[in-house]
1. If you rank 45, 1 by fewest surrounding Cβ atoms within 10 Å, what's the result?
2. Using the 10 angstrom Cβ neighbour count as an exposure proxy, how do 82, 87, 53, 111 rank, fewest first?
3. Can you give me the distance in nm between label points at residue 62 and residue 27, each placed 7 Å from the Cα along the Cα-to-Cβ direction?
4. Going by Cα centres, segment 1-38 and segment 79-149 are how many Å apart?
5. Hey, fewest Cβ within 10 Å first, where do 10, 98 land in order?
């Protein structure tokens, strides 16, 4: 075997090793992404089933209902206001992750089901109030609402509350 033949075989082996390395790298990246998605989904499920979440959920429902009934007197920028908004941001984040494909929609839908619809309906009066309070700004909880709407539509669940058109909506 000549030196040229050996160089050819070494070149073929190196090229093959490079192809195998790229394939393994792509597989590892894909596996890492799947693991990250699984871990994120597990973390979300853990968070949504915690006692802390249940307490925050009850508090948001109660705070918004009480504040709405009182015409929002003393509610704006209170601890209850900020806690209610913070609670809603959890669903907003889930909605964003579903929209971006980071979380699998079917997994989220089958896990949260109508809880997200109930929580949106409880939160919606505050969202409407904040829209009136800060005219011209879109709701920062649009993905929360979209997620609730999509789930209730697909599963034929309870209707989402419909907001009465405000002056800013009529323009």
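1. Values: 45 14, 1 7.
So the ranking, lowest neighbour count to highest, is 1, 45.
2. On the way: 82 10, 87 21, 53 14, 111 17.
Exposure proxy ranking, most exposed first: 82, 53, 111, 87.
3. For the pair residue 62/residue 27, the computed spacing is 5.5 nm.
4. 45 Å
5. On the way: 10 10, 98 20.
Fewest-to-most ranking of 10, 98: 10, 98.
Every read-out reported here was derived from the displayed coordinates using simple, explicitly stated rules and does not represent laboratory data. Note that this is a predicted model, so its numbers are computed, not measured. Cβ: placed from backbone, ideal geometry, glycine included. Neighbour counts: every protein chain shown.
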